[in-house]
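Just below is one structure, and these are the notes that go with it.
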């Protein structure tokens, strides 16, 4: 099977997985599927088995800690001290930080993928942990409402800590919407968005390395559309990537769809003009 066919089938499997109802989506499996864009072979079963082993190793500590947030505190200690998961401060924009198979192998990650480890290991132990989409960062919340920062060793955050975190991102006073839980689809979308920043070269110049990859960027947008097909901007973005990759027909179709869904957008006419030029070129 050539690479194009392999990717087509992998994207179809991902789309079928995330089309399910929220409760039926296996977060770990769906996150591991994202890595199939970048790796010729992803052993999803082996990575799931690693999560099972981590949960088994943590079981006595977590179940012996009591209930609710105390169990999350025990899990955070286990994942940090014994399993050695940590935030990758040295190379935050290494794409491996966003691929769960690599995170489980290297024990290095960014906030959102460390949060996925907490959530998915917690689920295996019967501990409900939810992701919190803090702007510019990512946290987890325990069953009793306590908030933890997986990127910084599972530190528990009080109101003062949260305000300091908000201020560090220039966000001003802490707002309730900073602490909203995210769905599995929103979480997966954000993982893909982080990868897009890398593969489209959007990170700040001082953090940018030669990791831009239009093919991988396209795969991220394509999968984001599987998650949230109602977002018009994604059709525009995919259309532009089609255009840059020499696929004028597909580019025109996506750009026209964007303009149809978002006719009052400031760039809707630009999208239609480019689509018309691409279609005219195909006829010549």
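The values are calculated or read from the model by the stated rules, or taken from the named source; none is laboratory data. Keep in mind the model is a prediction, meaning the values are calculated, not measured. Virtual Cβ from ideal backbone geometry, glycine too; neighbours counted across all protein chains shown.
Looking across the stretch 250-265, just one residue is buried (at least 17 other Cβ atoms within 10 Å of the Cβ) and over 21 Å from residue 281 (Cβ atoms), and that is 262. Determine whether residue 186 is part of a helix (DSSP H, G or I), surrounded by fewer than 21 Cβ atoms within 10 Å (Cβ to Cβ), touching a residue at least 12 places away in the same chain (Cβ under 8 Å) and within 17 Å of the chain's Cα centre (by Cα). Taking the combined requirement at face value, the residue satisfies it. Can you go through 13, 59, 41, 19 and tell me which one is over 20 Å from the mean Cα position of the chain (by Cα) and surrounded by fewer than 20 Cβ atoms within 10 Å (Cβ to Cβ)? It is 59.
Selection of the stretch 20-41 for residues being touching a residue at least 40 places away in the same chain (Cβ under 8 Å) and closer than 18 Å to residue 182 by Cβ yields 22, 25, 27, 28, 30, 31, 34. The residues of the stretch 134-175 that are surrounded by 19 or more Cβ atoms within 10 Å (Cβ to Cβ) and farther than 18 Å from residue 72 by Cα, listed by number, are 134, 137, 165, 166. Would you say residue 163 is more than 19 Å from the chain's Cα centre (by Cα) and on the phi > 0 side of the Ramachandran plot? No, not satisfied. Take the conditions modelled with pLDDT under 95, closer than 27 Å to residue 30 by Cα and either surrounded by fewer than 17 Cβ atoms within 10 Å (Cβ to Cβ) or in the same structural domain as residue 14 (by TED's automatic domain parsing) (or both) and apply them to residue 215. Does it pass? So residue 215 passes the test.
Of the listed requirements (1) surrounded by fewer than 18 Cβ atoms within 10 Å (Cβ to Cβ); (2) modelled with pLDDT of 95 or more, residue 4 misses just one: (2). Among the residues that make up the stretch 73-96, is at least one of them in a helix (DSSP H, G or I), modelled with pLDDT of 95 or more, touching a helix residue (DSSP H, G or I) at 6+ places or on another chain (Cβ under 9 Å) and within 14 Å of residue 31 (Cα to Cα)? So far as the stretch 73-96 goes, yes, one or more of its residues are in a helix (DSSP H, G or I), modelled with pLDDT of 95 or more, touching a helix residue (DSSP H, G or I) at 6+ places or on another chain (Cβ under 9 Å) and within 14 Å of residue 31 (Cα to Cα). Residue 172 versus (1) in a helix (DSSP H, G or I); (2) at pLDDT below 95: which is the lone unmet condition? In the conditions (1) in a helix (DSSP H, G or I); (2) at pLDDT below 95, residue 172 misses (1) alone. A single entry from 127, 132, 121 fulfils the requirement of being in contact with a helix residue (DSSP H, G or I) (Cβ under 6 Å, 6 or more places away or on another chain), without any contact (Cβ under 8 Å) to a residue 60 or more places away in the chain and within 26 Å of residue 23 (Cβ to Cβ): 132.
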